[in-house]
Amino acid sequence: MAFIGWGLFSIGRGLGLLGGIWLLIVAFKESIWWGLGSLFIPLVSLIFVVLHWSVAKTPFLISLVSFAILIAGAFMTGMVSSAG
């Protein structure tokens, strides 16, 4: 079970990296200021996604799915305790 969890965790990290880089590329294609803002200022990338949903939805949704996969993998490996 832990082996599957590590696999899911790794897939989630990889997809998250892919989605994040893709979102930065889309922001830089829109303008240099969106790209730099997304890179250096917190929450600018989220504002970019809201304002430019048509071009930013795919990388954003990939990032969301990757986060869910990463969390599932973390629970399966025992990195996160399910008990409160």
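No value in this document is a laboratory result; all are computed from the given coordinates. Since we're looking at a predicted model, the values are computed, not measured. Heads up, the Cβs are rebuilt from the backbone with ideal geometry, glycines too, and the neighbour counts pull from every protein chain shown.
Structure values in brief
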read-out	value
Backbone HN-Hα couplings from phi across segment 44-50 [Karplus 6.51/-1.76/1.60, Hz, Gly and Pro as x]	5, 5, 5, 4, 4, 4, 5
Environment charge of Leu51, counting only residues whose C-beta is closer than 13 Å and scoring Lys/Arg +1, Asp/Glu -1	0
Karplus-derived 3J(HN,Hα), 6.51/-1.76/1.60, for each residue of segment 62-69, Hz, glycine and proline x	4, 5, 5, 5, 5, 5, 5, 5
Hydrodynamic radius of the chain per Kirkwood, over alpha carbon pairs, in Å	13.6 Å
Value at 222 nm in deg cm²/dmol, rounded to 500, when DSSP H runs of n ≥ 4 in the chain each add -39,500 (n - 2.57)	-28500 deg cm²/dmol
